[in-house]
Amino acid sequence: MKEDKRMTSCPVGKEALSQSGYARMLELVTGLPKQLTAAEAIARQVDLGPRCDSRYVIVAGMGGSGIGAELVGGLVANKAKFVVVPCRDYSLPNVADSNSLCFVVSYSGNTEETLSAFADARRRRCRIVAITSGGRLAELAKKARLPVILVPSGLPPRAALGYLFAPLVVALQKLGLYQELGQELNRAADLLSRRQKSLHRKAKLIADCLRGQFPLVYSTTRLLDGVAERWRCQLNENAKVMCHTSSLPEHNHNEIVGMGRPIFLARHSVIVALLDSTTHPRTRQRLKHLLDIARGTFRHKFLVEITSGSELFRMLSLIMLGDLVSVELALRLGVDPMPVARIDELKRRMSLAKR
Ligand code: F6R
(Lines give C-alpha, C1' and ligand atoms only; values in the text may rest on other atoms or scores of the structure.)
Protein backbone atom coordinates (compact mmCIF):
# COMPACT_ATOMS: atom_id res chain seq x y z
CA MET A 1 0.00 0.00 0.00
CA LYS A 2 1.35 3.43 -0.93
CA GLU A 3 0.42 6.40 1.17
CA ASP A 4 0.43 10.02 0.31
CA LYS A 5 3.62 11.54 1.73
CA ARG A 6 1.66 14.57 2.88
CA MET A 7 -0.46 12.33 5.06
CA THR A 8 -0.57 13.25 8.70
CA SER A 9 -1.83 10.83 11.29
CA CYS A 10 -5.15 11.72 12.88
CA PRO A 11 -5.09 10.40 16.44
CA VAL A 12 -8.01 8.53 18.00
CA GLY A 13 -10.27 10.91 19.89
CA LYS A 14 -11.38 10.71 23.48
CA GLU A 15 -15.07 10.30 22.63
CA ALA A 16 -16.98 7.61 24.42
CA LEU A 17 -16.13 4.70 22.18
CA SER A 18 -18.49 1.82 21.75
CA GLN A 19 -16.06 -0.92 22.66
CA SER A 20 -18.55 -3.78 22.75
CA GLY A 21 -20.09 -3.01 19.35
CA TYR A 22 -16.58 -2.52 17.99
CA ALA A 23 -15.37 -5.84 19.39
CA ARG A 24 -18.42 -7.69 18.09
CA MET A 25 -18.25 -6.26 14.56
CA LEU A 26 -14.51 -6.82 14.47
CA GLU A 27 -15.07 -10.45 15.37
CA LEU A 28 -17.67 -10.77 12.61
CA VAL A 29 -15.53 -9.07 9.99
CA THR A 30 -12.51 -11.21 10.78
CA GLY A 31 -14.77 -14.26 10.77
CA LEU A 32 -15.12 -14.00 6.98
CA PRO A 33 -12.77 -16.93 6.18
CA LYS A 34 -14.63 -19.22 8.60
CA GLN A 35 -17.98 -18.20 7.15
CA LEU A 36 -16.77 -18.91 3.63
CA THR A 37 -15.63 -22.40 4.58
CA ALA A 38 -18.80 -23.18 6.54
CA ALA A 39 -21.10 -21.90 3.80
CA GLU A 40 -19.16 -23.81 1.16
CA ALA A 41 -19.91 -27.05 3.02
CA ILE A 42 -23.59 -26.10 3.51
CA ALA A 43 -24.07 -25.27 -0.17
CA ARG A 44 -22.40 -28.49 -1.32
CA GLN A 45 -25.06 -30.51 0.49
CA VAL A 46 -28.05 -28.86 -1.14
CA ASP A 47 -29.54 -30.58 -4.15
CA LEU A 48 -29.77 -27.91 -6.81
CA GLY A 49 -31.08 -30.16 -9.55
CA PRO A 50 -29.65 -30.69 -13.03
CA ARG A 51 -26.96 -28.54 -14.62
CA CYS A 52 -27.98 -25.56 -16.72
CA ASP A 53 -26.50 -23.31 -19.39
CA SER A 54 -28.18 -19.98 -18.69
CA ARG A 55 -26.86 -16.89 -20.48
CA TYR A 56 -28.28 -14.64 -17.78
CA VAL A 57 -27.58 -15.24 -14.11
CA ILE A 58 -29.70 -12.82 -12.16
CA VAL A 59 -28.93 -12.10 -8.52
CA ALA A 60 -31.84 -10.45 -6.73
CA GLY A 61 -31.02 -9.00 -3.33
CA MET A 62 -30.67 -5.73 -1.48
CA GLY A 63 -27.79 -4.20 0.52
CA GLY A 64 -25.59 -6.73 2.25
CA SER A 65 -27.45 -9.55 0.52
CA GLY A 66 -27.16 -8.01 -2.94
CA ILE A 67 -23.45 -7.20 -3.05
CA GLY A 68 -22.56 -10.77 -4.04
CA ALA A 69 -23.95 -10.01 -7.50
CA GLU A 70 -21.27 -7.40 -8.21
CA LEU A 71 -18.56 -9.52 -6.61
CA VAL A 72 -19.31 -12.64 -8.64
CA GLY A 73 -19.95 -10.48 -11.70
CA GLY A 74 -16.46 -9.01 -11.38
CA LEU A 75 -14.85 -12.42 -10.98
CA VAL A 76 -16.46 -14.00 -14.03
CA ALA A 77 -16.90 -10.97 -16.30
CA ASN A 78 -14.09 -11.66 -18.74
CA LYS A 79 -14.27 -15.43 -18.61
CA ALA A 80 -17.78 -16.82 -18.37
CA LYS A 81 -20.28 -17.44 -21.13
CA PHE A 82 -23.00 -15.83 -19.04
CA VAL A 83 -23.51 -12.37 -17.63
CA VAL A 84 -24.37 -11.67 -14.03
CA VAL A 85 -27.27 -9.25 -13.79
CA PRO A 86 -27.72 -7.63 -10.36
CA CYS A 87 -31.36 -6.93 -9.50
CA ARG A 88 -31.93 -4.45 -6.70
CA ASP A 89 -35.55 -3.70 -7.28
CA TYR A 90 -39.07 -5.09 -7.00
CA SER A 91 -39.05 -6.77 -10.41
CA LEU A 92 -36.54 -8.53 -12.62
CA PRO A 93 -35.17 -7.13 -15.87
CA ASN A 94 -37.11 -8.21 -18.93
CA VAL A 95 -34.38 -10.57 -20.13
CA ALA A 96 -35.36 -12.91 -17.28
CA ASP A 97 -37.17 -15.96 -18.60
CA SER A 98 -37.28 -19.72 -18.23
CA ASN A 99 -33.69 -19.99 -19.49
CA SER A 100 -32.39 -17.67 -16.78
CA LEU A 101 -30.93 -18.73 -13.48
CA CYS A 102 -32.10 -16.49 -10.66
CA PHE A 103 -30.49 -16.42 -7.23
CA VAL A 104 -32.79 -14.79 -4.72
CA VAL A 105 -30.71 -13.67 -1.77
CA SER A 106 -32.03 -12.21 1.47
CA TYR A 107 -30.28 -12.86 4.75
CA SER A 108 -33.39 -12.17 6.85
CA GLY A 109 -35.64 -13.67 4.20
CA ASN A 110 -38.07 -10.83 4.77
CA THR A 111 -36.90 -7.96 2.57
CA GLU A 112 -39.87 -6.73 0.58
CA GLU A 113 -38.08 -5.85 -2.66
CA THR A 114 -36.42 -9.29 -2.70
CA LEU A 115 -39.67 -11.11 -1.96
CA SER A 116 -41.29 -9.21 -4.80
CA ALA A 117 -38.39 -10.12 -7.12
CA PHE A 118 -38.83 -13.74 -6.03
CA ALA A 119 -42.51 -13.63 -7.04
CA ASP A 120 -41.52 -12.10 -10.36
CA ALA A 121 -38.92 -14.83 -10.95
CA ARG A 122 -41.66 -17.41 -10.30
CA ARG A 123 -43.99 -15.69 -12.79
CA ARG A 124 -41.24 -15.68 -15.40
CA ARG A 125 -40.46 -19.35 -14.68
CA CYS A 126 -36.78 -18.68 -13.98
CA ARG A 127 -34.66 -21.41 -12.49
CA ILE A 128 -34.53 -20.23 -8.86
CA VAL A 129 -32.07 -20.85 -6.03
CA ALA A 130 -32.86 -19.12 -2.72
CA ILE A 131 -30.08 -18.16 -0.31
CA THR A 132 -31.28 -17.08 3.12
CA SER A 133 -31.15 -17.71 6.85
CA GLY A 134 -34.93 -18.21 7.03
CA GLY A 135 -37.90 -15.86 7.07
CA ARG A 136 -40.62 -15.68 4.46
CA LEU A 137 -38.26 -16.43 1.57
CA ALA A 138 -37.31 -19.82 3.06
CA GLU A 139 -40.98 -20.60 3.65
CA LEU A 140 -42.10 -19.65 0.15
CA ALA A 141 -39.22 -21.38 -1.61
CA LYS A 142 -39.67 -24.58 0.38
CA LYS A 143 -43.39 -24.55 -0.30
CA ALA A 144 -42.69 -24.26 -4.01
CA ARG A 145 -40.10 -27.10 -3.70
CA LEU A 146 -37.30 -24.87 -4.84
CA PRO A 147 -33.71 -25.32 -3.63
CA VAL A 148 -32.92 -23.29 -0.53
CA ILE A 149 -29.39 -22.79 0.74
CA LEU A 150 -30.08 -22.15 4.40
CA VAL A 151 -27.27 -20.38 6.25
CA PRO A 152 -26.94 -19.70 10.02
CA SER A 153 -29.13 -16.86 11.31
CA GLY A 154 -28.67 -14.11 13.88
CA LEU A 155 -26.14 -11.79 12.24
CA PRO A 156 -26.43 -8.32 10.75
CA PRO A 157 -26.81 -9.18 7.03
CA ARG A 158 -23.73 -7.19 6.00
CA ALA A 159 -21.69 -9.26 8.45
CA ALA A 160 -22.89 -12.48 6.82
CA LEU A 161 -21.09 -11.87 3.52
CA GLY A 162 -19.22 -15.17 3.67
CA TYR A 163 -22.48 -17.07 4.21
CA LEU A 164 -24.14 -15.30 1.29
CA PHE A 165 -21.26 -15.17 -1.19
CA ALA A 166 -19.84 -18.71 -0.98
CA PRO A 167 -23.19 -20.37 -1.94
CA LEU A 168 -23.28 -18.31 -5.16
CA VAL A 169 -19.86 -19.60 -6.12
CA VAL A 170 -20.61 -23.21 -5.18
CA ALA A 171 -23.97 -23.15 -6.96
CA LEU A 172 -22.36 -21.86 -10.17
CA GLN A 173 -19.95 -24.77 -9.96
CA LYS A 174 -22.61 -27.38 -9.18
CA LEU A 175 -24.85 -26.15 -11.97
CA GLY A 176 -21.97 -26.50 -14.43
CA LEU A 177 -21.74 -22.79 -15.21
CA TYR A 178 -18.38 -21.92 -13.70
CA GLN A 179 -15.91 -24.31 -12.09
CA GLU A 180 -12.77 -22.46 -10.98
CA LEU A 181 -14.11 -20.28 -8.18
CA GLY A 182 -15.76 -23.15 -6.33
CA GLN A 183 -12.53 -25.10 -6.39
CA GLU A 184 -10.53 -22.12 -5.15
CA LEU A 185 -12.81 -21.02 -2.31
CA ASN A 186 -11.34 -22.92 0.64
CA ARG A 187 -7.75 -22.16 -0.35
CA ALA A 188 -8.53 -18.45 -0.62
CA ALA A 189 -10.30 -18.50 2.76
CA ASP A 190 -7.34 -20.21 4.39
CA LEU A 191 -4.85 -17.72 2.98
CA LEU A 192 -7.10 -14.85 4.00
CA SER A 193 -7.15 -15.93 7.63
CA ARG A 194 -3.34 -15.82 7.59
CA ARG A 195 -3.27 -12.30 6.13
CA GLN A 196 -5.72 -10.88 8.62
CA LYS A 197 -3.21 -9.21 10.93
CA SER A 198 -1.39 -7.31 8.22
CA LEU A 199 -4.70 -6.19 6.70
CA HIS A 200 -5.77 -4.94 10.10
CA ARG A 201 -2.59 -2.86 10.46
CA LYS A 202 -3.21 -1.24 7.07
CA ALA A 203 -6.86 -0.68 7.95
CA LYS A 204 -5.93 1.26 11.09
CA LEU A 205 -3.66 3.52 9.08
CA ILE A 206 -6.37 4.30 6.54
CA ALA A 207 -9.02 4.76 9.24
CA ASP A 208 -6.75 7.23 11.07
CA CYS A 209 -6.79 9.38 7.97
CA LEU A 210 -10.46 8.99 7.13
CA ARG A 211 -11.54 10.41 10.45
CA GLY A 212 -13.62 13.52 9.75
CA GLN A 213 -12.96 13.21 6.01
CA PHE A 214 -14.99 12.26 2.94
CA PRO A 215 -13.88 8.92 1.44
CA LEU A 216 -13.71 8.59 -2.35
CA VAL A 217 -13.16 4.94 -3.24
CA TYR A 218 -11.93 4.32 -6.77
CA SER A 219 -12.06 0.98 -8.53
CA THR A 220 -9.61 0.58 -11.40
CA THR A 221 -10.75 -2.76 -12.83
CA ARG A 222 -14.03 -4.60 -13.33
CA LEU A 223 -12.82 -7.14 -10.75
CA LEU A 224 -12.91 -4.48 -8.04
CA ASP A 225 -16.07 -2.53 -8.89
CA GLY A 226 -18.04 -4.62 -6.41
CA VAL A 227 -15.30 -4.25 -3.81
CA ALA A 228 -15.48 -0.46 -4.03
CA GLU A 229 -19.24 -0.76 -3.61
CA ARG A 230 -18.71 -2.97 -0.56
CA TRP A 231 -16.34 -0.36 0.94
CA ARG A 232 -19.04 2.27 0.48
CA CYS A 233 -21.78 0.15 2.07
CA GLN A 234 -19.58 -0.81 5.03
CA LEU A 235 -18.46 2.78 5.60
CA ASN A 236 -22.12 3.84 5.43
CA GLU A 237 -23.47 1.18 7.78
CA ASN A 238 -20.60 0.52 10.20
CA ALA A 239 -18.93 3.92 10.45
CA LYS A 240 -22.13 5.85 9.67
CA VAL A 241 -20.47 8.14 7.13
CA MET A 242 -21.12 9.12 3.53
CA CYS A 243 -18.81 7.71 0.90
CA HIS A 244 -18.51 8.11 -2.86
CA THR A 245 -17.31 5.47 -5.30
CA SER A 246 -16.10 5.83 -8.83
CA SER A 247 -14.59 3.63 -11.48
CA LEU A 248 -11.61 4.20 -13.75
CA PRO A 249 -11.17 4.70 -16.68
CA GLU A 250 -14.74 6.09 -16.89
CA HIS A 251 -13.92 8.62 -14.16
CA ASN A 252 -11.42 10.27 -16.52
CA HIS A 253 -14.20 11.23 -18.89
CA ASN A 254 -16.39 13.19 -16.50
CA GLU A 255 -15.65 13.18 -12.77
CA ILE A 256 -12.10 14.44 -13.20
CA VAL A 257 -13.58 17.78 -14.26
CA GLY A 258 -15.77 18.07 -11.17
CA MET A 259 -13.02 17.25 -8.69
CA GLY A 260 -12.41 20.07 -6.25
CA ARG A 261 -15.94 21.40 -6.02
CA PRO A 262 -17.76 22.03 -3.79
CA ILE A 263 -14.61 23.37 -2.14
CA PHE A 264 -15.62 22.36 1.40
CA LEU A 265 -15.83 18.74 0.20
CA ALA A 266 -12.55 18.79 -1.67
CA ARG A 267 -10.74 20.03 1.43
CA HIS A 268 -11.85 16.92 3.22
CA SER A 269 -11.69 14.29 0.48
CA VAL A 270 -9.49 11.26 0.88
CA ILE A 271 -9.01 9.04 -2.17
CA VAL A 272 -8.60 5.31 -1.73
CA ALA A 273 -7.72 3.82 -5.13
CA LEU A 274 -8.05 0.05 -5.36
CA LEU A 275 -5.63 -1.52 -7.83
CA ASP A 276 -5.02 -5.05 -9.05
CA SER A 277 -2.89 -6.92 -11.56
CA THR A 278 -6.04 -6.98 -13.73
CA THR A 279 -5.94 -3.16 -13.84
CA HIS A 280 -5.06 -2.25 -17.41
CA PRO A 281 -1.55 -0.72 -17.63
CA ARG A 282 -3.04 2.32 -19.34
CA THR A 283 -5.53 2.69 -16.45
CA ARG A 284 -2.56 2.77 -14.04
CA GLN A 285 -1.09 5.61 -16.08
CA ARG A 286 -4.45 7.32 -16.08
CA LEU A 287 -4.61 7.17 -12.27
CA LYS A 288 -1.11 8.61 -11.97
CA HIS A 289 -1.90 11.50 -14.32
CA LEU A 290 -5.27 12.14 -12.74
CA LEU A 291 -3.75 12.42 -9.27
CA ASP A 292 -1.25 14.89 -10.65
CA ILE A 293 -3.65 16.95 -12.77
CA ALA A 294 -6.21 17.14 -9.96
CA ARG A 295 -3.72 17.64 -7.09
CA GLY A 296 -5.04 20.09 -4.55
CA THR A 297 -8.58 18.79 -4.99
CA PHE A 298 -8.19 16.13 -2.31
CA ARG A 299 -6.48 15.95 1.03
CA HIS A 300 -4.85 12.54 1.04
CA LYS A 301 -4.59 9.51 -1.18
CA PHE A 302 -3.98 5.80 -0.69
CA LEU A 303 -3.14 3.40 -3.50
CA VAL A 304 -4.07 -0.06 -2.30
CA GLU A 305 -3.11 -3.29 -4.05
CA ILE A 306 -2.81 -6.96 -3.09
CA THR A 307 -0.07 -8.38 -5.25
CA SER A 308 -0.17 -12.11 -4.54
CA GLY A 309 -2.65 -14.97 -4.79
CA SER A 310 -5.63 -15.70 -7.01
CA GLU A 311 -8.19 -13.15 -8.18
CA LEU A 312 -10.62 -14.50 -5.61
CA PHE A 313 -8.09 -14.14 -2.80
CA ARG A 314 -7.12 -10.63 -3.88
CA MET A 315 -10.76 -9.62 -4.03
CA LEU A 316 -11.55 -11.10 -0.62
CA SER A 317 -8.48 -9.42 0.89
CA LEU A 318 -9.58 -5.99 -0.30
CA ILE A 319 -13.08 -6.68 0.99
CA MET A 320 -11.71 -7.56 4.40
CA LEU A 321 -9.47 -4.50 4.34
CA GLY A 322 -12.49 -2.26 3.64
CA ASP A 323 -14.56 -3.98 6.29
CA LEU A 324 -11.77 -3.45 8.83
CA VAL A 325 -11.40 0.19 7.81
CA SER A 326 -15.12 0.71 8.44
CA VAL A 327 -14.94 -0.81 11.92
CA GLU A 328 -11.77 1.07 12.84
CA LEU A 329 -13.30 4.31 11.59
CA ALA A 330 -16.40 3.65 13.70
CA LEU A 331 -14.14 3.32 16.73
CA ARG A 332 -12.36 6.57 15.90
CA LEU A 333 -15.68 8.37 15.43
CA GLY A 334 -17.12 6.96 18.65
CA VAL A 335 -20.05 5.29 16.89
CA ASP A 336 -21.34 1.78 17.38
CA PRO A 337 -20.83 -0.21 14.16
CA MET A 338 -23.59 -2.72 15.00
CA PRO A 339 -26.96 -0.93 14.79
CA VAL A 340 -28.42 0.47 11.56
CA ALA A 341 -31.29 2.37 13.14
CA ARG A 342 -32.37 4.23 10.01
CA ILE A 343 -32.64 1.06 7.91
CA ASP A 344 -34.68 -0.55 10.68
CA GLU A 345 -36.93 2.49 11.01
CA LEU A 346 -37.52 2.69 7.27
CA LYS A 347 -38.38 -1.01 7.12
CA ARG A 348 -40.71 -0.55 10.08
CA ARG A 349 -42.54 2.34 8.45
CA MET A 350 -42.83 0.49 5.15
CA SER A 351 -44.28 -2.55 6.88
CA LEU A 352 -46.97 -0.35 8.48
CA ALA A 353 -47.83 1.35 5.20
CA LYS A 354 -48.88 -1.77 3.31
CA ARG A 355 -49.81 -1.35 -0.33
C1 F6R B 1 -27.84 -4.64 7.28
C2 F6R B 1 -27.58 -4.64 5.86
C3 F6R B 1 -28.67 -4.24 4.91
C4 F6R B 1 -29.52 -5.45 4.53
C5 F6R B 1 -30.67 -5.05 3.60
C6 F6R B 1 -31.48 -6.23 3.09
O7 F6R B 1 -26.77 -5.23 7.98
O8 F6R B 1 -26.50 -4.92 5.44
O9 F6R B 1 -28.07 -3.66 3.78
O10 F6R B 1 -28.72 -6.42 3.91
O11 F6R B 1 -31.51 -4.16 4.26
O12 F6R B 1 -31.87 -7.07 4.13
P13 F6R B 1 -31.64 -8.64 3.96
O14 F6R B 1 -30.16 -8.81 3.76
O15 F6R B 1 -32.11 -9.26 5.22
O16 F6R B 1 -32.44 -9.05 2.77
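Summary of computed values
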item: Top-ranked residue in the range 197-229 [being assigned to a helix (DSSP H, G or I) and of a type in the set (Gly, Ala, Ser); ranked as surrounded by the most Cβ atoms within 10 Å (Cβ to Cβ)]; result: ALA228
item: Tabulated pairs, the range 43-66, first of a type in the set (Ser, Thr, Tyr), second away from the ligand (no atom under 16 Å from the Cβ) and in a loop (DSSP other than H, G, I, E, B), C-beta under 6 angstrom, 6+ apart or interchain; result: SER54/PHE82; SER54/ASN99; SER54/SER100; TYR56/VAL95; TYR56/SER100
item: In the range 324-355, residue farthest from the ligand (Cβ to nearest atom) [restricted to those that are among the charged types (D, E, K, R) and surrounded by 12 or more Cβ atoms within 10 Å (Cβ to Cβ)]; result: ARG332
item: The lone exception for THR221 - which of (1) within 16 Å of the ligand (Cβ to nearest atom); (2) under 23 Å from VAL84 (Cα atoms) it fails; result: (1)
item: VAL95 without any contact (Cβ under 8 Å) to a residue 40 or more places away in the chain, more than 16 Å from the ligand (Cβ to nearest atom) and assigned to a loop (DSSP other than H, G, I, E, B); result: yes
item: Test: GLY212 is touching a residue at least 12 places away in the same chain (Cβ under 8 Å), away from the ligand (no atom under 14 Å from the Cβ) and over 14 Å from the mean Cα position of the chain (by Cα); result: yes
item: Which numbered condition SER98 fails, given (1) at positive phi; (2) among the small types (Gly, Ala, Ser); (3) surrounded by fewer than 17 Cβ atoms within 10 Å (Cβ to Cβ); result: (1)
item: The one condition in (1) under 24 Å from ASN186 (Cα atoms); (2) away from the ligand (no atom under 16 Å from the Cβ) that GLY68 fails to fulfil; result: (2)
item: The range 98-121, residues that are in contact with a helix residue (DSSP H, G or I) (Cβ under 9 Å, 6 or more places away or on another chain) and away from the ligand (no atom under 16 Å from the Cβ); result: SER100, LEU101
item: Number of positions in the range 337-355 that are part of a loop (DSSP other than H, G, I, E, B) and over 20 Å from the mean Cα position of the chain (by Cα); result: 3
item: Pick from the range 1-42, criterion modelled with pLDDT of 95 or more and acidic (Asp, Glu), ranking: surrounded by the most Cβ atoms within 10 Å (Cβ to Cβ); result: GLU40
item: Flag if THR283 is over 18 Å from the mean Cα position of the chain (by Cα), farther than 15 Å from LEU235 by Cβ and not in a helix (DSSP H, G or I); result: no
item: Subset of the range 256-308 (residues that are acidic (Asp, Glu) and exposed (fewer than 12 other Cβ atoms within 10 Å of the Cβ)); result: ASP292
item: Subset of the range 71-88 that is closer than 17 Å to VAL170 by Cα and buried (at least 19 other Cβ atoms within 10 Å of the Cβ) - its residue that is nearest to the ligand (Cβ to nearest atom); result: LEU71
item: Whichever residue in the range 122-170 is assigned to a loop (DSSP other than H, G, I, E, B) and over 27 Å from SER326 (Cα atoms) and, among such residues, is nearest to the ligand (Cβ to nearest atom); result: GLY134
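This table checks each residue for (1) over 30 Å from ARG44 (Cα atoms); (2) in contact with a Ser or Thr (Cβ under 9 Å, 6 or more places away or on another chain); (3) of a type outside the set (Gly, Ala, Ser).
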site: TYR178; (1), (2), (3): no, no, yes
site: ASN186; (1), (2), (3): no, yes, yes
site: ASP190; (1), (2), (3): no, yes, yes
site: ARG195; (1), (2), (3): no, yes, yes
site: PRO215; (1), (2), (3): yes, yes, yes
site: VAL227; (1), (2), (3): no, yes, yes
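The values are calculated or read from the model by the stated rules, or taken from the named source; none is laboratory data. Quick caveat, the model's predicted, so the values are computed rather than measured. Counting neighbours? That spans all protein chains shown, and the Cβs are built from the backbone with ideal geometry, glycine included.
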